[in-house]
1. Per residue, how much accessible area does segment 79-129 show when a 1.4 Å probe rolls over the protein heavy atoms, in square angstrom?
2. With every atom except the alpha carbons ignored, what do you get for Rg and Dmax of segment 166-210, in angstroms?
3. In degrees from 0 to 90, rounded to the nearest 10, what is the angle of the helix 121-130 Cα long axis to the longest principal axis of the chain?
4. Working out 0.36 nm times the residue gap between Lys170 and Thr235, then minus their Cα-Cα distance, what length gain in nm do you get to one decimal?
5. Compute for segment 1-116: radius of gyration divided by Kirkwood radius, i.e. Rg/Rh, restricted to C-alpha atoms, rounded to two decimals.
6. Report the paramagnetic label zone for Leu145: residues of segment 71-93 whose backbone N is under 11 Å from a point 7 Å from Cα along the Cα-to-Cβ axis.
7. Got the relative contact order for segment 25-125 handy, in percent, Cα pairs under 8 Å and 6 or more residues apart?
8. Using 14 Å as the cut-off for backbone N distance, which residues of segment 159-192 belong to the label zone defined by a point 7 Å from the Cα of Lys98 along Cα→Cβ?
Amino acid sequence: MAKKISKVLLYLIVTLGAITMLIPFLWMISTSLKTAPETIKVPPIWIPKKLQWGNYITAWNQAPFARYFLNSVIVTTITTAGQLFTSILAAFAFARLKFWGKNILFVIFLGTMMIPGEMLIIPNFVTLSHLGQINQYGALIIPWLASFFTVFTLRQTFQSTPDQIYYAAKIDGASDWRYLWTVLVPMSKSTITAVTVLEVIGSWNSFMWPLIVTNTENMRTLPVGLQAFTTDAGTAYQLLMAASTFVIIPMVILYIFLQKYIIAGISKAGLKG
């Protein structure tokens, strides 16, 4: 009886949590289909009297969202690929290679995860300014080509691989490079997929940094482009929510198709050490 009650309570908590997380998304969809007066009506209404599908067309045409979308795709693709490449190499070095000061270096890098990202904005901006990369793709990409969170996660997974596999590969004449890409990476695909999705979502939704380092419309990304619906005259909430849907839908689709890899990867990285 106690087990049944605990299971019911668990399902209840999970259900309430899911509903709580879904409410903002449902409100966004609802608002995107309202008229302007309905968006500020008190008490608020969830279901519009007439669905305004034209809000999506108006939102898309009111700002150069095609350009914003292209910029987001370029930045997200390059930063994700670059970060994965550098992180896989670094994680393998910390997990398998032996070199002087490895543990000390790892602790130092681990300490950088405690530094708030806001503290790095000014140093990164000044550095990229000296390099002439402000309002260029370089400013949007270079600072995010490495992530120690990704390195740490992959290192945990690489270390969980039995040593016997590594030694067997070495006996067969495989180099560290070949072992990494033909054995270790395929065996760690769940974790790699998980960190890839997390990086894609983080890069795609990034707002503050692109806002700081870009000053022309042709370099802005989708989240920054949402400002087009907020002016001195006020905010067109129905258009803002319609545009926000453009930003969120690709990530929702990505998560739906890769959710099993995300869950498996995070579980593997978190339970093995």
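1. 63 Å²
2. Looking at segment 166-210, its Cα Rg and Dmax stand at 16.2, 50 Å.
3. 80 degrees
4. Working: separation 65, 0.36 × 65 = 23.40 nm, distance 6.26 nm.
Extra length available between Lys170 and Thr235 comes to 17.1 nm.
5. Working: Rg = 24.6 Å, Rh = 20.4 Å.
Value, to two decimals: 1.21.
6. Answer for segment 71-93: 79, 82-83, 86.
7. About 16 percent, as a whole number.
8. 167
The values are calculated or read from the model by the stated rules, or taken from the named source; none is laboratory data. Remember, predicted model here, so these are calculated numbers, not experimental data. Every residue, glycine as well, gets a Cβ built from its backbone with ideal geometry; the counts of neighbours run over all protein chains shown. Quick note on the areas: whole protein, heavy atoms, side chains included, nothing else; ligands and nucleic acids left out. Shrake-Rupley method; radii C 1.70, N 1.55, O 1.52, S 1.80 Å.
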